[in-house]
1. Please count how many residues of the stretch 73-92 are more than 13 Å from the chain's Cα centre (by Cα) and part of a loop (DSSP other than H, G, I, E, B).
2. Within the stretch 1-34, how many residues turn out to be of a type outside the set (Phe, Trp, Tyr) and either within 21 Å of Lys78 (Cα to Cα) or in contact with a Ser or Thr (Cβ under 7 Å, 6 or more places away or on another chain) (or both)?
3. Which one of Ile44, Ile81 is of a type in the set (A, V, I, L, M) and more than 15 Å from Lys110 (Cβ to Cβ)?
4. Name the residue that is surrounded by the most Cβ atoms within 10 Å (Cβ to Cβ), counting only residues in the stretch 31-59 that are outside any helix (DSSP H, G or I) and of a type in the set (D, E, K, R).
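Laboratory data are not the source of any read-out in this text; all were calculated from the coordinates shown. On a predicted model such as this, the values are computed, not experimentally measured, just so you know. No Cβ is skipped: glycine too gets one built from the backbone with ideal geometry, and neighbour counts run over all protein chains shown.
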Amino acid sequence: MAKQIDCLFCKIANKKTDTEIIYEDEDFSAFYDIKPKAPIHILIVPKKHFESIIEIEENGDIEILGKILAFAAKLAKKFNIENGYRLQFNQGKKAGQEIDHLHLHLLGFK
């Protein structure tokens, strides 16, 4: 799917907002969640727009899921939480997905 012009996470990932990007590479941007649920709560967002995990499978972009997990592991090490963190995808509104752009929550505990 093409990038959504009105997608908040696309704007953040492409630096069209004043959101502080705390870490990024060619595929992902990471920034703090504005409603943290843990002492460290980081959102990891693919720079390419995917509305959901379902869309990834349909488009044959399955390798992005492995890359996002590796990216999360790098962030956990960077923030010294590699011994206590949780990774969470929310799929769909009923599961708490508020923005229609795939993202991974990194919830860290020190």
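1. Residues meeting the conditions: 7.
2. 15
3. Ile44
4. Taking the stretch 31-59 as the starting set, the residues that turn out to be outside any helix (DSSP H, G or I) are 31-52.
Going one step further and asking which of them are of a type in the set (D, E, K, R), we end up with 33, 35, 37, 47-48, 51.
Numbers: Asp33: 15, Lys35: 6, Lys37: 10, Lys47: 16, Lys48: 18, Glu51: 16.
It comes out as Lys48.
Per-residue answers, yes or no, for (1) of a type in the set (D, E, K, R); (2) crowded, with 18+ Cβ neighbours inside 10 Å; (3) without any contact (Cβ under 8 Å) to a residue 24 or more places away in the chain; (4) in contact with a helix residue (DSSP H, G or I) (Cβ under 9 Å, 6 or more places away or on another chain):
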| site | (1), (2), (3), (4) |
| --- | --- |
| Leu8 | no, no, no, no |
| Asn14 | no, no, no, no |
| Asp61 | yes, no, yes, yes |
| Lys78 | yes, no, no, no |
| Asn90 | no, no, yes, no |
